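A quick write-up on the structure given underneath.
The values are calculated or read from the model by the stated rules, or taken from the named source; none is laboratory data. Because the structure is predicted, anything quoted here is derived from the model rather than measured. Cβ atoms come from the backbone with ideal geometry, glycine included; neighbour counts cover every protein chain shown. These accessible areas exclude ligands, DNA and RNA; they are computed on the full protein's heavy atoms, side chains included. Shrake-Rupley method; radii C 1.70, N 1.55, O 1.52, S 1.80 Å.
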Amino acid sequence: MSADYGQRVATDLAANHEEQQRVRSELERLQEELDRLERDEAVLTQVQAVLGETGTEQRPTRARADRTSAKAGGRKKTAKAAGVPSAPSRRTAAKAKRESGAPTWLDLVTETLTAQGEPRSAAEVTTALQKAHPGRAVKAPVVRNTLEQGVAQGRLERTRQGRSVFYTVVAVPVAADAGHGSEGS
């Protein structure tokens with residue numbers, strides 16, 4: 001009888017360990033998804049600033065991440081929770097670059113695609129930006145997010161060929177606007 005009970009406890013313990021591993025994997029996946037969403041939020045905020053729209057400041061995303069890690073058992077200690085002063089945020093750094101006259105990522109991507117003259121993949125755009133701007137930290141996820149923001153704004157066009165995705169600059173019809181401007185003169 002105690003052997004059966006011991007076997008059952010061992011089975012339950014193994015199931016518990018498997019469930020813990022599943023939850024840890026899910027937690028990691030959710031953390032990665034949260035990080036991606038925060039990066040997307042930073043890009044969207046930058047795009048919003050470029051468009052000149054001044055909305056209310058978005059809620060602090062790090063505070064939410066701190067709460068999440070605290071709920072996860074406090075295994076991950078953040079600098080903020082430890083009382084260490086933080087470096088300027090990416091949003092602050094991006095704003096400082098814009099104010100200093102540095103081109104935005106969307107400007108750089110659009111300029112690169114215009115110079116290329118034909119559809120390019122995100123990897124090709126990243127490589128071209130790395131060559132054209134060696135002093136700037138060009139990362140593929142930032143370029144992909146920027147390309148998608150350009151598509152969302154209607155400045156860029158996305159086409160699919162099989163599993164590949166290519167981007168081009170949307171052609172602006174110049175001739176149609178030129179005729180309307182002279183009527184009021």
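Of the residues Q31, Q48, the single one that is within 15 Å of the chain's Cα centre (by Cα) and either modelled with pLDDT of 90 or more or open to solvent by less than 50 Å² (accessible area, probe 1.4 Å) (or both) is Q31.
Just one residue in the set R160, R155, R136, R120 is modelled with pLDDT of 90 or more, closer than 18 Å to V43 by Cβ and not hydroxyl-bearing (S, T, Y); that residue is R155.
Against the numbered list (1) over 18 Å from the mean Cα position of the chain (by Cα); (2) modelled with pLDDT of 90 or more; (3) assigned to a helix (DSSP H, G or I), A178 comes up short only at (2). Taken over segment 116-135, the criterion of being in contact with a helix residue (DSSP H, G or I) (Cβ under 6 Å, 6 or more places away or on another chain) and open to solvent by 70 Å² or more (accessible area, probe 1.4 Å) is satisfied by no residue.
Of T54, T78, T68, T92, all but one fail to be open to solvent by 100 Å² or more (accessible area, probe 1.4 Å), hydroxyl-bearing (S, T, Y) and at pLDDT below 85; the exception is T54. Under the condition of being touching a residue at least 24 places away in the same chain (Cβ under 8 Å) and in a helix (DSSP H, G or I), the residues counted in segment 108-131 number 7.
Restricted to segment 143-163, and to residues there that are touching a helix residue (DSSP H, G or I) at 6+ places or on another chain (Cβ under 6 Å) and among the hydrophobic types (A, V, I, L, M, F, W, C), the residue that is surrounded by the fewest Cβ atoms within 10 Å (Cβ to Cβ) is L156. Taking the criterion of being open to solvent by 70 Å² or more (accessible area, probe 1.4 Å) and either in contact with a strand residue (DSSP E or B) (Cβ under 8 Å, 6 or more places away or on another chain) or of a type in the set (A, V, I, L, M) (or both), the only residue of segment 17-28 that qualifies is V23. The set of residues from segment 37-53 being without any contact (Cβ under 8 Å) to a residue 40 or more places away in the chain and not hydrophobic (A, V, I, L, M, F, W, C) comprises E38, E41, Q48, G52, E53.
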